[in-house]
Amino acid sequence: MPRKASDDLGVQVKLCLACSKPFVTFGEDKRVFCSPTCRRKFRDKLKRKRKREKNPDWARAELERLLRWKQEHKNKPARSVDPAGETQTKGVMQDEA
């Protein structure tokens with residue numbers, strides 16, 4: 001078995017499977033995600049995909065729920081925060097008490 005040179009640190013740069021950001025690993029590290037958050041998001045996405053494939057009725061209900069939510073929030077005005085820290089609705093002036 002060939003020995004590694006003492007100046008070879010075994011540093012590798014890999015791309016995260018979830019977000020495609022580069023991250024550094026050392027030695028024989030087998031990680032494929034840059035963070036636990038990315039790992040969790042990736043696994044949750046796989047679980048939802050498998051559930052949709054296994055249960056089309058559930059998938060249809062989820063899609064309807066999403067479309068209903070989008071329709072309800074479509075016409076709501078965007079909110080912004082002014083420098084004073086008060087929340088305002090864009091385009092509408094709020095009366096000061």
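Throughout, read-outs are computed from the coordinates displayed, never taken from laboratory work. Because the structure is predicted, anything quoted here is derived from the model rather than measured. When we count neighbours, we look across all protein chains shown, and the Cβ atoms used for this are built from the backbone with ideal geometry, even at glycine.
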Screening K49, K45, K74, K54 for residues that are under 26 Å from A18 (Cβ atoms) and surrounded by fewer than 10 Cβ atoms within 10 Å (Cβ to Cβ) leaves only K54
Could you go through the range 46-57 and let me know if any residue there is part of a helix (DSSP H, G or I) and within 30 Å of V11 (Cβ to Cβ). yes
